[in-house]
2 protein chains.
Amino acid sequence: MGVAASLTEAKPDEKAVRKEESALHALSAYLKEDMEACNRAIVARMQSPVPLIPQLGAHLVAAGGKRLRPLLTLASARLCGYQPSPEHQRHVALAACVEFIHTATLLHDDVVDESTLRRGLASANAVFGNKASVLVGDFLFARSFQLMTADGSLRVMAILSAASATIAEGEVLQMATQNDLSTPIEKYLEVIHGKTAALFAAACRVGAVVAERPEAEEQALEDYGTNLGMAFQLVDDALDYAADQQILGKTVGDDMREGKITLPVLAACRAGNEEDRAFWQRVIETGEQTDADLPHALELIARTGAIQTTLERATQYAEAAIAALSIFPESEIKTLLVETASYTVSRAH
Amino acid sequence: MGVAASLTEAKPDEKAVRKEESALHALSAYLKEDMEACNRAIVARMQSPVPLIPQLGAHLVAAGGKRLRPLLTLASARLCGYQPSPEHQRHVALAACVEFIHTATLLHDDVVDESTLRRGLASANAVFGNKASVLVGDFLFARSFQLMTADGSLRVMAILSAASATIAEGEVLQMATQNDLSTPIEKYLEVIHGKTAALFAAACRVGAVVAERPEAEEQALEDYGTNLGMAFQLVDDALDYAADQQILGKTVGDDMREGKITLPVLAACRAGNEEDRAFWQRVIETGEQTDADLPHALELIARTGAIQTTLERATQYAEAAIAALSIFPESEIKTLLVETASYTVSRAH
């Protein structure tokens, strides 16, 4: 089933979100033993003689999250036929490593964005303070490099350290575009490539590396990850102006309050009239906001079809992600990766 | 000349600081070409398509600093007889890598401590904001791992990634001891080992690794670095209650304002009477401070000999650093490393 079909079938209610969850659940279920080993590795490698580190770690583990990025590493390794031995579970250690990099960036993002909610629970900075979040983020980042060093592959290190630098560049670029409605859409796409797609791509590519597959398969998995990551972030940005807070576990309107430049805003602003543009300039560029602004923003976004514009882009990326897998023979894990891409988009419908 | 002799000779004025500077200048001068190559590598590897990153980088480079840690890597490599070729300058790339790790932690420290001054100039967070400092710190950290990956030695990666994790642990432990006068001196020493000595040790050890010297020389240089780092941080903590702001380039009393637990405070509190202890409890534990408190704190610290207590510890570490070099034959670079350890302590006299 293509993305377009799955989009048409999806209904604009909680069911769609459950559908995406079930695609991820199916992937998790298929990789159950690997994921359990990965979760054990995450808990084990978060230990430290400094008690606050595992305490904050436990808060993050309790908050759960989809563990999408480590799932991608595990799934990519299996897609490439990686056969671990009981002693050598490279894919598991590297999946944990990918999750550590992601968690470190989340901790720092929440400090930078002054967020109070993460995955429906109080964010780490809200509970433990900004200082602890910055420093434990640094610890997890360092620990991720220790995991890579233990794995011992220079190729893996090159991929993941480059992705880490690209993430930071994406975040800095996002900061530089904040409050700036003249940001070109290409620059917004560059931001989400850095902050999200680069790690998705690296997580996938690493799977092919541990399986020692040829460059073409590495590249195909990198392309899958890049496009999936772009689709994922576009949908996330759409949901910030559309989602039910209970389902999403984040506060609707957060991006607007922060003056963050995302496609729904750029599209609504470009498709709006002069009065609309004055509204967006006030709330996004000057940051002067009242309680009445969010409902009005949602109305403008609905009227201009900005969510649809955003999701169409997301659909294109999801289709490209699925196309990238074409070089692999059919298999259950391939089907699950295809469905993950489809449902990444359909969750917003 | 031993540390004790240099301490006796040193005078309690600006001259002593200039003397330490001249020990470092002598080391820098001896390693002039290496340091110039290292500075070029630092500037080159701070480049990014995201303009804010080299901008903030230029601010840091302009602020200067002693570049003590990269000097240690370069000096250690030369002490071990490392012979670079024009194409392979491993010691230079790794010295830049060490400075990137250090700079990343400085950027994050200044955010965590809300500092406004660094090396006598406005700190990066004061100029560019906390968000930029957190994110550019992450970028430099990632870039340091790219430099290690390019070097390609798993031993180097293991040493520097472990040091990075230890730094973060030290910083978290420091945060956990903040405002707590019951902190044992051993825990304070653990904090400064993590936040300072671990990277000094790693910077030195890496020099022996690139020269492919036996374990005993790696260990000797690690011991030199650890003890030098402990001495350096003890002196730094003493200067926070003693230095002329113009000379030090930092604000006297910063540590007290932050309720930071350092040896001068622990020693003054332990050696003081009941009234003194009540004073320290108010200013350090409750954080209630007035303008009159810093002069009174300096008086109590002087009366109880707390600076002297701190510097005696520093002297012991400096002597241990010098002793660790005994396995190396006499050479100009060895003499310079010995003098660096001596003057690290004498700068406070």
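The values are calculated or read from the model by the stated rules, or taken from the named source; none is laboratory data. The model shown is predicted, which means the values in this text are computed figures rather than measured ones. Positions of Cβ are generated from backbone atoms using ideal geometry, with glycine treated the same way; all protein chains shown enter the neighbour counts.
Any residue in segment A:299-326 that's in contact (Cβ under 8 Å) with a residue 12 or more places away in the chain: show its pairings with residues that are assigned to a loop (DSSP other than H, G, I, E, B) and among the hydroxyl-bearing types (Ser, Thr, Tyr) at Cβ separation under 7 Å, as long as the two are six or more apart or on different chains.
A:Ile301/A:Tyr241; A:Ile307/A:Tyr241
Please work out which residue is farthest from A:Pro84 (Cα to Cα), limiting yourself to segment A:127-162 and to residues that are more than 7 Å from every other protein chain (Cβ to nearest Cβ), assigned to a helix (DSSP H, G or I) and among the small types (Gly, Ala, Ser).
A:Ser133
In segment A:63-87, how many residues are assigned to a helix (DSSP H, G or I) and more than 20 Å from A:Asp138 (Cα to Cα)?
Residues in segment A:63-87 being assigned to a helix (DSSP H, G or I) and more than 20 Å from A:Asp138 (Cα to Cα): 10 in total.
Looking at segment A:323-349 only, could you name the residues that are aliphatic (A, V, I, L, M) and not in a helix (DSSP H, G or I)?
Of everything in segment A:323-349, just one residue is aliphatic (A, V, I, L, M) and not in a helix (DSSP H, G or I), namely A:Ala348.
Quick check, is B:Ser182 farther than 15 Å from B:Ile101 by Cβ and surrounded by 18 or more Cβ atoms within 10 Å (Cβ to Cβ)?
The answer is no for B:Ser182.
Just give me the residues in segment A:149-172 being closer than 12 Å to A:Ala203 by Cα, in contact (Cβ under 8 Å) with a residue 60 or more places away in the chain and of a type in the set (Val, Ile, Thr), in sequence order.
Hit for segment A:149-172 is A:Val156, nothing else.
With respect to B:Ala122, determine if the residue is free of Cβ contacts under 8 Å to residues at least 40 places away in the same chain, touching a Ser or Thr at 6+ places or on another chain (Cβ under 7 Å) and more than 8 Å from chain A (Cβ to nearest Cβ).
yes
Residue by residue through segment B:35-57, note down the ones that are free of Cβ contacts under 8 Å to residues at least 12 places away in the same chain and crowded, with 21+ Cβ neighbours inside 10 Å.
Hit for segment B:35-57 is B:Val50, nothing else.
Exactly one condition in (1) aliphatic (A, V, I, L, M); (2) facing chain A (nearest Cβ under 8 Å); (3) within 21 Å of the chain's Cα centre (by Cα) is not met by B:Leu107; state its number.
Result: B:Leu107 fails condition (2) only.
Any idea which of B:Leu72, B:Leu60, B:Leu94 is over 22 Å from B:Arg347 (Cβ atoms), buried (at least 21 other Cβ atoms within 10 Å of the Cβ), in contact with a helix residue (DSSP H, G or I) (Cβ under 8 Å, 6 or more places away or on another chain) and modelled with pLDDT of 95 or more?
The unique qualifying residue is B:Leu94.
Condition check: in contact with a helix residue (DSSP H, G or I) (Cβ under 7 Å, 6 or more places away or on another chain) and more than 11 Å from chain B (Cβ to nearest Cβ). Does A:Glu217 satisfy that? Can you show your working first?
Working: in contact with a helix residue (DSSP H, G or I) (Cβ under 7 Å, 6 or more places away or on another chain): yes; more than 11 Å from chain B (Cβ to nearest Cβ): yes.
In short, yes.
Quick grid of which residues meet (1) within 14 Å of chain A (Cβ to nearest Cβ); (2) within 19 Å of B:Phe200 (Cβ to Cβ):
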site: B:Met46; (1), (2): yes, no
site: B:Leu52; (1), (2): yes, no
site: B:Ala63; (1), (2): no, no
site: B:Pro70; (1), (2): no, yes
site: B:Leu74; (1), (2): no, yes
site: B:Arg78; (1), (2): no, yes
site: B:Gln83; (1), (2): no, no
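Any idea which residue in segment B:174-214 is nearest to the other protein chains (Cβ to nearest Cβ), counting only those that are hydroxyl-bearing (Ser, Thr, Tyr) and in a loop (DSSP other than H, G, I, E, B)?
From segment B:174-214, those hydroxyl-bearing (Ser, Thr, Tyr) are B:177, B:182-183, B:188, B:196; that's our starting set.
Then keep just the ones that are in a loop (DSSP other than H, G, I, E, B); that gives B:182-183.
Working: B:Ser182: 16, B:Thr183: 13 Å.
That would be B:Thr183.
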